[in-house]
Amino acid sequence: MKSTNSANWILVTGTSSGIGRAATFTLAENGYRVLAAVRKQEDVESLLAEAGTRRVVGAVEPIILDVTDAGQIAAAVEIVRAKIAAGGRLHAIVNNAGAQWAGPIETLPLTDWRLQFDVLFFGPIALTQQLLPQLRASRGRVINVTSIGGIMPGPMIAAYQAAKAALEAVSDSMRIEFSPFGVHVSAIAPASISTPMLKRSSEQLNRIADALPKSLQPFYADALRAFAKTTVTADRFSISPEKASLTILRAVTAPRPRTRYLIGMDAKLSAFLKHNLPDRWMDAVTFRMMGLPRQVKSQKGE
């Protein structure tokens, strides 16, 4: 479905790669104008080059925006206001920026937990707060890219999954609070998407296993390495960011968008199992699917 208004602007965060980048061009090729937020100047240049190749020059406008930086959020809001003053409207924001801090709960520093929540939770809230007046005026949309991990958490990436679960929860609250203004809110929960972050996961998990203190190796090293193998398998069967971006397009264009979209059969199966199996059964499924050790030998002093 193509937009009939060339001044329909959509702000997408995290567009340097993965789902955000694919969504940028899917939306631009369907008639929207996209403010494509990235953190680095080289990503600005890369987006502009691809926009030229794909013949959507003018429809993609990269901006520098780190969602953890209040000053950069304020600058992005001013850019949106300028677009509106020039006759445009803010149709939607897509909160997609992401990063992942991995490791066992016991060893992951609290600073990393806070950084994880700053990127995945507080950043989207701050941006949505600042742009809600413009979305209210346009009766626009908020699209929060969460994760199946926020619905069915597992081990070794608890900080990431906890932040995504928090974004899932706040999406429900946003939907209820914003509905009287005519602002739709959708949560989009992907499972395995072939992104650079997924491709780096195996190497990252193995590095963490190798760096564990000797005293903690028996407790976590095997589980980390088993999870690393799972991510390699997941990457083989993952779907492309381009296919995932079509779900964002549907959430943006549907007259009455769904409150929640699950991307991928693995996401749909995981959500079904989580909602229908007892917790202990679900734990057993997780252990089996990930090849995790069920027992470790305790050490003296434990």
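The values are calculated or read from the model by the stated rules, or taken from the named source; none is laboratory data. Note that this is a predicted model, so its numbers are computed, not measured. Every residue, glycine among them, receives a Cβ derived from its backbone with ideal geometry; neighbour counts consider all protein chains shown. The accessibility values were calculated without ligands, DNA or RNA, using every heavy atom of the protein model including side chains. Shrake-Rupley method; radii C 1.70, N 1.55, O 1.52, S 1.80 Å.
Residues in region 217-249 that are free of Cβ contacts under 8 Å to residues at least 40 places away in the same chain and farther than 17 Å from residue 265 by Cβ: 6 in all. Filtering region 205-216 to residues that are in contact (Cβ under 8 Å) with a residue 60 or more places away in the chain and either in contact with a helix residue (DSSP H, G or I) (Cβ under 7 Å, 6 or more places away or on another chain) or acidic (Asp, Glu) (or both) leaves 205, 208, 212.
Condition check ((1) aliphatic (A, V, I, L, M); (2) more than 19 Å from residue 119 (Cα to Cα); (3) within 20 Å of the chain's Cα centre (by Cα)) across all residues:
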position	(1), (2), (3)
25	no, yes, yes
39	no, no, yes
55	no, yes, no
69	no, no, yes
86	yes, yes, no
90	yes, yes, no
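Give the residues of region 214-253 that are of a type outside the set (Ser, Thr, Tyr), in contact with a Ser or Thr (Cβ under 8 Å, 6 or more places away or on another chain) and over 14 Å from residue 18 (Cβ atoms), sorted by residue number. Within region 214-253, 216, 228, 229, 232, 234, 237, 246, 249, 251 qualify.
Among the residues of region 178-188, is any part of a helix (DSSP H, G or I), touching a residue at least 60 places away in the same chain (Cβ under 8 Å) and on the phi < 0 side of the Ramachandran plot? Give the steps one after another, and end with the answer.
Residues of region 178-188 part of a helix (DSSP H, G or I): 178-181.
Now narrow it down to the ones that are touching a residue at least 60 places away in the same chain (Cβ under 8 Å): none.
Checked against the condition, which is being part of a helix (DSSP H, G or I), touching a residue at least 60 places away in the same chain (Cβ under 8 Å) and on the phi < 0 side of the Ramachandran plot, region 178-188 yields no hits at all.
Name the residue that is most open to solvent (accessible area, probe 1.4 Å), counting only residues in region 242-292 that are farther than 25 Å from residue 24 by Cα and among the β-branched types (Val, Ile, Thr). So the residue we want is 285.
Evaluating residue 201 against the criteria (1) crowded, with 19+ Cβ neighbours inside 10 Å; (2) not hydrophobic (A, V, I, L, M, F, W, C); (3) not in a helix (DSSP H, G or I) leaves one unmet condition, (3).
Entry remark, region 6-44: residues being in contact with a strand residue (DSSP E or B) (Cβ under 9 Å, 6 or more places away or on another chain) and without any contact (Cβ under 8 Å) to a residue 12 or more places away in the chain number 0 in total.
Among the residues of region 214-229, is there at least one that is open to solvent by 30 Å² or more (accessible area, probe 1.4 Å), of a type outside the set (D, E, K, R) and within 20 Å of the chain's Cα centre (by Cα)? No, region 214-229 contains no residue that is open to solvent by 30 Å² or more (accessible area, probe 1.4 Å), of a type outside the set (D, E, K, R) and within 20 Å of the chain's Cα centre (by Cα).
Selection of region 244-299 for residues being among the basic types (Lys, Arg) and farther than 18 Å from residue 154 by Cα yields 250, 256, 258, 260, 297. Screening the candidates 159, 209 for the property of being of a type in the set (A, V, I, L, M) and out of contact with any Lys or Arg (no Cβ under 7 Å at 6 or more places or on another chain) yields one hit, 159. Consider region 259-299 and keep the residues that are among the basic types (Lys, Arg) and assigned to a loop (DSSP other than H, G, I, E, B). The one that is modelled with the lowest pLDDT is 297. All of (1) surrounded by fewer than 15 Cβ atoms within 10 Å (Cβ to Cβ); (2) at pLDDT 95 or above; (3) basic (Lys, Arg) hold for residue 175 with one exception: (1).
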